[in-house]
Amino acid sequence: MANTQTSSDLAEEYYDSESGFKYYSIINSPDYSGIAIYPEEKVETGPDGAQYPRGAGVESVLEATLLRDKRMLDLILKHIPQGRKIRALEYGSGRGGLTRCVAKELMKRGQLELIVGSNISEKENEFNRKRAKEENFPESVYRVDHGSFDDNKYE
């Protein structure tokens with residue numbers, strides 16, 4: 001019998017699994033499961049003698065992830081029209097760290113109409129919703145949706 005699971009099905013199954021959730025909590029932090037930006041690069045040599053670049057300049061993946069958030073937020077703020085409320089969507093929002101970072105700053109500036117974090121993992125979405133509630137985001141401006149890149153409901 002042929003496997004009828006799509007790549008989205010497999011990704012959702014992985015990110016909703018206990019081991020998938022735990023993996024990102026260990027290598028990063030409970031709040032982040034995304035990419036990071038390192039201020040420096042160093043070259044390391046693997047056991048087979050091959051050389052490869054590696055991020056450096058901060059102590060942890062979490063610090064590099066927070067640096068990514070700062071750079072993303074700076075870029076977003078630089079290009080937002082002043083005096084206008086923003087509606088935003090982050091696809092693949094993971095556990096929502098970046099989404100909440102952006103939402104917090106836009107709310108502080110009075111520029112947030114609505115921000116939506118859309119992610120394939122309901123386990124990560126539940127985490128994001130819980131953190132948003134703990135951080136006092138009103139449901140009218142902060143929403144977390146289940147979705148995948150394969151079925152874009154925001155077009």
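Points worth noting:
- Net length gained if the chain between Thr6 and Glu59 were fully extended (0.36 nm per residue, minus Cα distance): 15.3 nm
- Over the chain, volume per residue of the alpha carbon convex hull, in Å³: 168 Å³
- Shape of the stretch 1-67, Cα gyration tensor, a/c cut at 1.5: oblate
- Rounded to 5, percent antiparallel among DSSP beta bridges of the stretch 45-155: 10 percent
- Residues Thr45, Thr6, Thr99 ordered from highest to lowest accessible area at a 1.4 Å probe: Thr45, Thr6, Thr99.
- Heavy-atom accessible area ranking, 1.4 Å probe, most first, across Phe137, Phe149: Phe149, Phe137
- Sorting Glu41, Glu18, Glu90 by solvent-accessible area of protein heavy atoms yields Glu41, Glu18, Glu90, largest first, with a 1.4 Å probe.
The values are calculated or read from the model by the stated rules, or taken from the named source; none is laboratory data. Everything numeric here is computed off the predicted structure, so don't read it as measured data. The accessibility values were calculated without ligands, DNA or RNA, using every heavy atom of the protein model including side chains. Shrake-Rupley method; radii C 1.70, N 1.55, O 1.52, S 1.80 Å.
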